[in-house]
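Novice: One structure, as structure tokens, below. Some questions next.
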Amino acid sequence: MSKKILRKKLISIRRNNFKDKSISFVNFKKILRKCNLKNNIYIGGYFPINSEINCLDVLEILEKNNFKISLPITKKNNKMDFYKWSFKDSLGVNHQGIPEPNTKKKIIPDVLIVPLIGFDRNKFRLGYGGGFYDRYISKVLKFKTILTVGFAFSFQEISKIPINKFDQKLNFILTDKEIIE
């Protein structure tokens, strides 16, 4: 099955099975402990759209525990960068209707929370097809080690994500039911 057809099918499944849930902070904290990451580091998150699993609750708790939060701003040519953000700050809305930080302090997260449409046990993800996250992860890994954690509903798992040379494998996938390492 092509990525385009699979993407359409998985978006429909997610929309039909969406539950207003967020990820367990306790399980996210387990990943940070396992990787020996303490507070005062940058966490890159996302603003959930189109029935994506909510990461804002986790980000809010992280911020209250002295982690620094950032969100992406998309740019031309399907590129993006992350910018410092706080729950005290306002958000603007980009041309795609996605909330983005108004601040212009660009940062490089130590931990990147990644949204997805589908995933497999090999920790590959299927996104919307723009390559934003794959490009960003590939660019950053050339000069910095970052921890990548996909956030998903357990029903988004499929047996095998079709991949190509540009697709970036995640370090962990955290679902509403388990941690996949």
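Novice: What are the residues in the stretch 19-41 that are under 22 Å from Asn54 (Cβ atoms) and in contact (Cβ under 8 Å) with a residue 40 or more places away in the chain, if any?
Specialist: If the condition is that a residue be under 22 Å from Asn54 (Cβ atoms) and in contact (Cβ under 8 Å) with a residue 40 or more places away in the chain, then Lys19, Lys21, Ile23, Ser24, Asn27, Phe28, Lys30, Ile31, Leu32, Leu37, Ile41 are the ones that fit.
Novice: Report, by residue number, each residue of the stretch 135-157 that is out of contact with any Ser or Thr (no Cβ under 8 Å at 6 or more places or on another chain) and surrounded by fewer than 18 Cβ atoms within 10 Å (Cβ to Cβ).
Specialist: Passing the criteria: Arg135, Ser138, Lys139, Leu141, Lys142, Phe143, Lys144, Thr145, Ile146, Phe155.
Novice: Residue by residue through the stretch 5-35, note down the ones that are among the aliphatic types (A, V, I, L, M) and within 17 Å of Pro115 (Cβ to Cβ). Full working, then the answer.
Specialist: Of the residues in the stretch 5-35, the ones among the aliphatic types (A, V, I, L, M) are 5-6, 10-11, 13, 23, 26, 31-32.
Selection gives Leu6, Leu10, Ile11, Ile13, Ile23, Ile31.
Novice: Could you tell me which numbered condition Gly97 fails, if it satisfies all but one of (1) modelled with pLDDT under 95; (2) in contact with a strand residue (DSSP E or B) (Cβ under 9 Å, 6 or more places away or on another chain)?
Specialist: (2)
The values are calculated or read from the model by the stated rules, or taken from the named source; none is laboratory data. Predicted, not measured: the structure shown is a model, and the values here were computed from it. As a convention, Cβ positions derive from the backbone with ideal geometry for all residues, glycine included, and neighbour counts pool all protein chains shown.
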